[in-house]
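What follows is a short report on a single structure.
The values are calculated or read from the model by the stated rules, or taken from the named source; none is laboratory data. Worth saying up front: this structure is predicted, and the values here are computed from it rather than measured. As a convention, Cβ positions derive from the backbone with ideal geometry for all residues, glycine included, and neighbour counts pool all protein chains shown. Only protein heavy atoms, including side chains, enter the accessible area calculation; ligands, DNA and RNA are left aside. Shrake-Rupley method; radii C 1.70, N 1.55, O 1.52, S 1.80 Å.
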Amino acid sequence: MRATARAQPNIALIKYWGKRDSQRNLPAVGSISVTLDELYTTMRVELDGALDHDELRVNGSDARSMLPRVSRCLDTVLGAERLRARVTSTSNFPIAAGLASSASSFAALVAAASAASGRNSTVEELAGLAGRASGSAARSLYGGFVELRNAADGIAVGTILDGDTWPLRIVAAVTSKAPKPVGSGEAMEVSRRTSPFYSRWVEEQEMDLATARDAIVMRDFGKLASVAEHNCLKMHSVMWASRPPVVYWNAATLACLERVRELQSEGVGAFFTIDAGPQVKVVCLPGDEARVIDALSGTDGVESVLASGIGAGATLVNGD
Ligand code: DP6
């Protein structure tokens, strides 16, 4: 009655921002991401008839505040009549700071919970369940370049291209480890209700998805760079124009963007993307990784730099 699963965060190149059904947590738009390799979350789920409530430990500490969301996710996977669970989560990177720890956490959680109960769920089923907990988590069930599309009654997720075929590198500049001021789920609802740019954002998404999909299949770095930066800045424009405004950037976020622009003008193959947090993720060609790491490490306000390749989807960890 126990199982352990590991999943990596994913970084969206074409972003999910907005829900079409908040009850079922269905996204308003499709999205495209890359699943990382070196950063991961491990989730151990033990179902125990002797427990009268769920327990959660995150990186060695009791994490009561995160428990309701985890319990809801377990209800979705196992049904409300399930046994209570002892859940242990470990991540090797800062959580709740815009490095997509909720994606890796919920992807690993649904895989571990399903296996702990003896279910033999398909990856499609697990992606649907993970998406109920956190939209971006559905993408972490898959490896490589991943697309999430809206289907008639839910979502359809799949790999466009694997990471070995196009082994780009991702360098993340951590500019603050503080928890974000407002969670992405809540913030995107504020945008949907109040941002004058929201409807245009939704309208244009299919076009950006098609451009990015094509760029990935053709391995056209310049084309992917251009559409990914555009899509990222468009999402943040929607956020900034919300009421109250949703601003995740700090001074170092902007300094990193300027640094990337300089690198690009020097011919370095690199582009930036930013999610619901102040960190800047730079996607680059493998041969340019060292220059990107060097440049971001030397940028004012950057606390640390993490680098990763493109990895596989969530997996069960043997031996538990
Ligand atoms: C900016 O998946 O965290 O990272 O479904 O409410 O849990 P919920 O939202 P979440 O939103 C991710 C937003 C984003 C863009 C993206 O990953 O596509």
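In summary, Val246 fulfils each of the numbered conditions (1) within 13 Å of the ligand (Cβ to nearest atom); (2) open to solvent by less than 60 Å² (accessible area, probe 1.4 Å); (3) touching a Lys or Arg at 6+ places or on another chain (Cβ under 9 Å); (4) not aromatic (Phe, Trp, Tyr) with the single exception of condition (3).
Given Ser184, Ser191, Ser134, which one is small (Gly, Ala, Ser), more than 15 Å from the chain's Cα centre (by Cα) and under 27 Å from Trp240 (Cβ atoms)? Give the steps one after another, and end with the answer.
Numbers: Ser184 fails: more than 15 Å from the chain's Cα centre (by Cα); Ser134 fails: more than 15 Å from the chain's Cα centre (by Cα).
Ser191 is the lone residue from the list that is small (Gly, Ala, Ser), more than 15 Å from the chain's Cα centre (by Cα) and under 27 Å from Trp240 (Cβ atoms).
Of all the numbered requirements in (1) among the charged types (D, E, K, R); (2) touching a strand residue (DSSP E or B) at 6+ places or on another chain (Cβ under 6 Å); (3) without any contact (Cβ under 8 Å) to a residue 12 or more places away in the chain, Arg149 misses one, and that requirement is (3).
When each of Ala276, Ala251 is tested for being small (Gly, Ala, Ser) and touching a helix residue (DSSP H, G or I) at 6+ places or on another chain (Cβ under 7 Å), the lone residue that passes is Ala276.
For the stretch 257-266, taking the residues that are open to solvent by 30 Å² or more (accessible area, probe 1.4 Å) and not in a loop (DSSP other than H, G, I, E, B), the one that is nearest to Cys284 (Cα to Cα) is identified as Gln264. Gly144: of a type outside the set (A, V, I, L, M), at positive phi and open to solvent by 30 Å² or more (accessible area, probe 1.4 Å), yes or no? It is false that Gly144 is of a type outside the set (A, V, I, L, M), at positive phi and open to solvent by 30 Å² or more (accessible area, probe 1.4 Å). Taking the numbered list (1) open to solvent by 10 Å² or more (accessible area, probe 1.4 Å); (2) out of contact with any Cys (no Cβ under 7 Å at 6 or more places or on another chain); (3) within 22 Å of Val317 (Cα to Cα); (4) not aromatic (Phe, Trp, Tyr) in turn, Ala127 passes all entries but (1). Just checking, does the stretch 267-283 include any residue being at pLDDT below 95, aliphatic (A, V, I, L, M), more than 27 Å from Thr165 (Cβ to Cβ) and in contact with a Phe, Trp or Tyr (Cβ under 8 Å, 6 or more places away or on another chain)? Checked the stretch 267-283: at least one residue is at pLDDT below 95, aliphatic (A, V, I, L, M), more than 27 Å from Thr165 (Cβ to Cβ) and in contact with a Phe, Trp or Tyr (Cβ under 8 Å, 6 or more places away or on another chain).
Looking at Val45, Val70, which one is more than 30 Å from Val227 (Cβ to Cβ), modelled with pLDDT of 95 or more and within 14 Å of the ligand (Cβ to nearest atom)?
On the way: Val45 fails: within 14 Å of the ligand (Cβ to nearest atom).
Answer to the selection: Val70.
Against the definition (open to solvent by less than 20 Å² (accessible area, probe 1.4 Å), among the charged types (D, E, K, R), more than 15 Å from the chain's Cα centre (by Cα) and on the phi < 0 side of the Ramachandran plot), how does Asp54 come out, yes or no? Here the answer is yes, as Asp54 does meet what is asked. Just one residue in the set Thr165, Thr211 is open to solvent by 50 Å² or more (accessible area, probe 1.4 Å) and hydroxyl-bearing (Ser, Thr, Tyr); that residue is Thr165.
Restricting the first member to the stretch 26-41 and to residues that are under 25 Å from Glu189 (Cα atoms), and the second to residues that are of a type in the set (Phe, Trp, Tyr) and near the ligand (Cβ under 10 Å from one of its atoms), the beta-carbon pairs closer than 6 Å and six or more apart or on different chains are Pro27/Tyr16; Ser31/Tyr16. Within the stretch 218-230, the set of residues being under 25 Å from Ala28 (Cβ atoms) and either loosely packed, with under 14 Cβ neighbours inside 10 Å or polar (S, T, N, Q) (or both) comprises just one member, Ser226.
Restricting the stretch 1-38 to residues that are surrounded by fewer than 24 Cβ atoms within 10 Å (Cβ to Cβ) and of a type in the set (A, V, I, L, M, F, W, C) leaves a set whose member that is farthest from the ligand (Cβ to nearest atom) is Met1.
Residues in the stretch 54-96 that are closer than 15 Å to Met43 by Cα and outside any loop (DSSP other than H, G, I, E, B): how many? Please lay out each step first, then the result.
Quick first cut of the stretch 54-96, residues closer than 15 Å to Met43 by Cα only: 54-63, 66-67, 69-71, 73-74, 77, 85-93, 95.
Next, only the ones that are outside any loop (DSSP other than H, G, I, E, B) stay: 55-58, 61-62, 66-67, 69-71, 73-74, 77, 85-91.
Counting residues in the stretch 54-96 that are closer than 15 Å to Met43 by Cα and outside any loop (DSSP other than H, G, I, E, B) gives 21.
Let's see how each residue does on (1) among the β-branched types (Val, Ile, Thr); (2) buried (at least 22 other Cβ atoms within 10 Å of the Cβ); (3) within 16 Å of the ligand (Cβ to nearest atom):
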| site | (1), (2), (3) |
| --- | --- |
| Glu81 | no, no, no |
| Thr90 | yes, no, no |
| Ala112 | no, yes, no |
| Ala133 | no, yes, yes |
| Ser136 | no, yes, yes |
| Ser140 | no, yes, yes |
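Residues of the stretch 184-202 that are within 19 Å of Ala133 (Cα to Cα) and exposed (fewer than 13 other Cβ atoms within 10 Å of the Cβ): Glu186 alone.
Hey, any hits in the stretch 111-121 for a residue that's in contact with a helix residue (DSSP H, G or I) (Cβ under 9 Å, 6 or more places away or on another chain), touching a residue at least 60 places away in the same chain (Cβ under 8 Å) and either within 30 Å of Met218 (Cβ to Cβ) or assigned to a strand (DSSP E or B) (or both)? No: zero hits.
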